[in-house]
């Protein structure tokens, strides 16, 4: 970090700083002989903090505990270490929230709350005991960015808006400031005399490779999970989910089923946790399918366990058919009958490997219904659902049974054309576009409703080989955006050698 910036931060009067109650709690945390009585005495002086500690003790985060009605009961149930961590987080959060009124500041604060919840749930998933400390570290990991918005609001706001992804943001920060916001946050944590583990976890929160410390890995992954909720559109959400899932797998050993279940738990806990930190965080539509699918998979697993237990007594037959039915439902989008997105990764990897082994072309086609938001806005979501269902039927009718279709999200579909060259795929998708444009997708007020779509396709084989299924998927996605930029209602192939549009 540049010495000039360090001096500015050190003398900035508007820099967020711990309130008096937080300073008392920090002091208690440093005392080896601190006890619950002394802690309760400090917390009781702040009625708002006392009320929030009671609320958190009775929240879903501690659902297995009996209801408590007094501060003393709450602190006894939570324990000394948990009490100190939670009280510090709640007192700091009130101060940080009040200094972040809107815009980028409000987004950073929502990210902090989401990361706090994610860090705790990740810790539970991997068996860490320091859950409240994880929650506090997750909450504070972006204090460096909050500080930069206070001391250099215009310059840092411009940097955030210009950055294309997190890696680019960190690069720009290091070039402009001599350090990234994680390093600056660690410096501030040291300035505030926060415990050493917080300074270290804040510094490691943007590390791209794990240091073998599971606590730090939970914090770094928690920020990526928060970004899934904060994505501005479907494309950003898709990328954020992939990054979070990869980090969960590589750093913490979570497979896709455990990752999706974690997202479901975050979704369920979000309203209560957001209320605790007095912030509104909406549930984005792109997460609905993920959450619903994770619940279906959990139901299937539960039935499997029941079936396994009954098999020895000869009572398993009654559940076998139901299990098969639920397994099939878990693979399918309930509205369109197409495969749901959670199946895509395994399906795509399998088809990509088969294409390489057989040296056969494989074409991916991204399809996006044109101006679909206007259909929902003008005619309502029931009509929109009817359009999606009818469109899916047209796709099924005009494609081979061996060509899987995935409802990627909203009005976006992905078609996997096996052993199909670019020219063959273009002919197929253009024929479908022609048929769709001539087919009424719904009746509105006695009049037929017609739609068109934009499509982008990319082919492995021929002139381009692609190193991975993900590269092929990204190429098809880029081609789709090219079709949209060219005016929609068209099919655009990926031009060999293109790196974007």
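Computed from the coordinates by the stated procedures, all read-outs in this text should not be read as laboratory data. Keep in mind it's a predicted model, so treat the numbers as computed, not measured. Neighbour counts run over all protein chains shown; Cβ positions are idealised from the backbone, glycine included.
How big is the Cα convex hull of the range 339-493 in projection, averaged over all directions, in nm²? Kindly include the intermediate steps, with their values, before the conclusion.
On the way: hull surface 35.2 nm².
So the Cα hull casts an average projection of 8.8 nm².
Taking Cα centroids, how far is the range 377-392 from the range 214-237 in Å?
31
Where in the range 132-163 does the amide nitrogen come within less than 18 Å of the point 7 Å from the Cα of residue 213, taken along Cα to Cβ?
Only 132-144 fall inside the zone, counting backbone N under 18 Å.
Calculate, in nm to one decimal, what residue 239 and residue 389 gain on full extension: separation in residues at 0.36 nm each, minus their alpha carbon distance.
On the way: separation 150, 0.36 × 150 = 54.00 nm, distance 2.63 nm.
Gain on stretching residue 239 to residue 389: 51.4 nm.
Quote the FRET efficiency, to the nearest 0.05, computed for residue 162 versus residue 69 with a Förster distance R0 of 56 Å and r equal to the Cβ-Cβ distance. Don't skip to the answer; put the middle values down first.
Values: r = 52 Å, r/R0 = 0.92.
It comes out at approximately 0.60.
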